1. Assess whether LYS100 counts as being modelled with pLDDT of 85 or more and surrounded by fewer than 10 Cβ atoms within 10 Å (Cβ to Cβ).
2. Quick check on GLN123: is it assigned to a helix (DSSP H, G or I) and either touching a residue at least 60 places away in the same chain (Cβ under 8 Å) or more than 43 Å from the chain's Cα centre (by Cα) (or both)?
Amino acid sequence: MATMFRYPVFPHLQDPCDPGRSVMAEPDYLEGDCDELIQPKKLINPVKSSRNHQDLHRELIMNQKRGLAPQNKPELQKVLEKRKREQVIKAQKEEQEAHKKRSDLEIELMKRQQKLEQLELEQQKSQEEQENTPEFVKMKGNLRRTKQEAGGEEQAT
């Protein structure tokens, strides 16, 4: 028969790696043993009991359930994203400035285009006025033109 070697039952010589051994020291009294001792109470954490903390905790839990948890990005990634954003904004500003700075040719073309648009507007207004004028005024104008043309032909002959 083989006999196994066992540690003695002395607590100070027990194996420190033994899973049955607790890390916490055991009290030297038993519960209910002495009524004279003050029983310890769990302390209240003032941060957890505050209303702001509870609201924040509730919001974080809801966001976690929805999949909207705050992303903890590394500092390097944050800096790179910030630089990229700044470059995009800078490129947009440069593009806007390029549109503002126009060459002499572009300025001249813009002036001509504006003049053409003004002429078109004036023609439309005159057509609308002619359409809105009464018919007897139109006939009077036609009579004047025919009279002038007839007078001009007689003088030419």
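The values are calculated or read from the model by the stated rules, or taken from the named source; none is laboratory data. Everything numeric in this text was worked out from a predicted model, so none of it was measured. FYI the Cβ positions are ideal-geometry reconstructions off the backbone, even for glycines, and counts take in every protein chain you see.
1. Taking the combined requirement at face value, the residue does not satisfy it.
2. Taking the combined requirement at face value, the residue satisfies it.
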